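The numbers here are math on the coordinates, done by the rules we state, and not lab data. Computed from a predicted model, the values in this text were never measured in an experiment. FYI the Cβ positions are ideal-geometry reconstructions off the backbone, even for glycines, and counts take in every protein chain you see.
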Ligand SMILES: CC(C)(COP(=O)(O)OP(=O)(O)OC[C@H]1O[C@@H](n2cnc3c(N)ncnc32)[C@H](O)[C@@H]1OP(=O)(O)O)[C@@H](O)C(=O)NCCC(=O)NCCS
C-alpha cells in the first residue's frame, strides 16, 4: 500500500506536478514514518574492558580529524555522502558532528592510505547519559570494502572510548545498514530496546515492531553463522 502511494507520488513528480517539493516532502515523511527499514534499531555492548586486539592494517593508518580544517570537512562529506547516498553540505556536517542534538561527539577519525582519506568513523557519548558511549557515522569508500577495514574503524573507536570512562557503548542505525549491524554483532553488540537517551524514531508503532523482530532475527542469524 505504502509502496503504491510512493510510486503514485513519484509519477506525479515525474509528470511535472505543480508542487513537486511538497510531493517530495510527503514521500520523505511517509518513508520516515512507515517504512520498516527506516525504523531506528538500537544495539549495545556492555563491557569495553575485554576488546579484541587491534590488528595490523599496514599500509593503512588512522588520522584524527581536524574539525577546523576545510579539507578534512570536505573529505568527511565526500565519504559520508557516497556511503549514505546523500548530498550533505558543511551545515549538515556541523549539525551531525559538531552540534549533534543527541550525541556529544568526542573524536572523529579517518582511515588513511598514503595521502588519501578512505574511511571515517566518530565516537561520542549521549548528551542525556554521558556514561554511555556511542559510535557514529561509520563510512568506507566502496573500493576498500570487504577487507575488514570497516570493522577495524569501529574497533579502533571502541578502544578509544575506553579512555573516556564509559560503562558501555551503543549504536543506532536502521535495517538498511546490514553490513554495519553484522560488524557490531561480531564485536559483541546485542539488540536493545530504546531508552530515554536514545534517538527517538519517527516511525509508526507497527513498523517499529516489525523492525525489532527482523533485527532480532538478524542478530540470531549472525550468532548462528559465527558458531559454525
Ligand atoms: C559499514 C561499512 C563501513 C563496512 O565496511 P567493510 O570494510 O566492508 O566491512 P568489513 O569488511 O570490515 O566487515 C566486517 C565483518 O562484517 C561481516 N559482514 C559484512 N557484511 C556482512 C553481511 N552482509 N552479512 C554477514 N556478515 C557481514 C564480515 O563477515 C566481517 O566479519 P568477520 O571479520 O568476523 O568475518 C561499509 O559497508 C560502508 O561504508 N557502508 C555504508 C555506510 C554504512 O552503512 N555505515 C554504517 C551505518 S550504521
Return, ordered by residue number, the residues of region 148-182 whose backbone nitrogen is under 19 Å from a label point located 7 Å along Cα→Cβ of residue 131. 161-171
Give the calculated FRET efficiency between residue 64 and residue 7 to the nearest 0.05, with a Förster radius of 45 Å applied to their Cβ-Cβ distance. 0.50
Given the options 50, 141, 200, which has the most mean-square fluctuation in a GNM of the chain, springs set between C-alpha atoms less than 10 angstrom apart? 50
Computed over the Cα atoms of the chain, what is the ratio Rg over Rh, Rh following Kirkwood? 0.98
Starting from the Cα of residue 164, move 7 Å in the Cα-to-Cβ direction to define the label point; list residues of region 109-144 whose amide nitrogen is under 15 Å from there. 109-110, 121-138
Compute the distance in nm between two label points, each set 7 Å from the Cα along the Cα-to-Cβ direction, one at residue 92 and one at residue 200. 2.5 nm
What list do you get for 199, 174 if you sort them by fewest beta carbons within 10 Å? 199, 174
If each of residue 24 and residue 102 carries a label point 7 Å out from its Cα toward its Cβ, how far apart are those two points in nm? 2.6 nm
What FRET efficiency comes out for residue 143 versus residue 51 if R0 is 30 angstrom and r is the Cβ-Cβ distance? Round to the nearest 0.05. 0.60
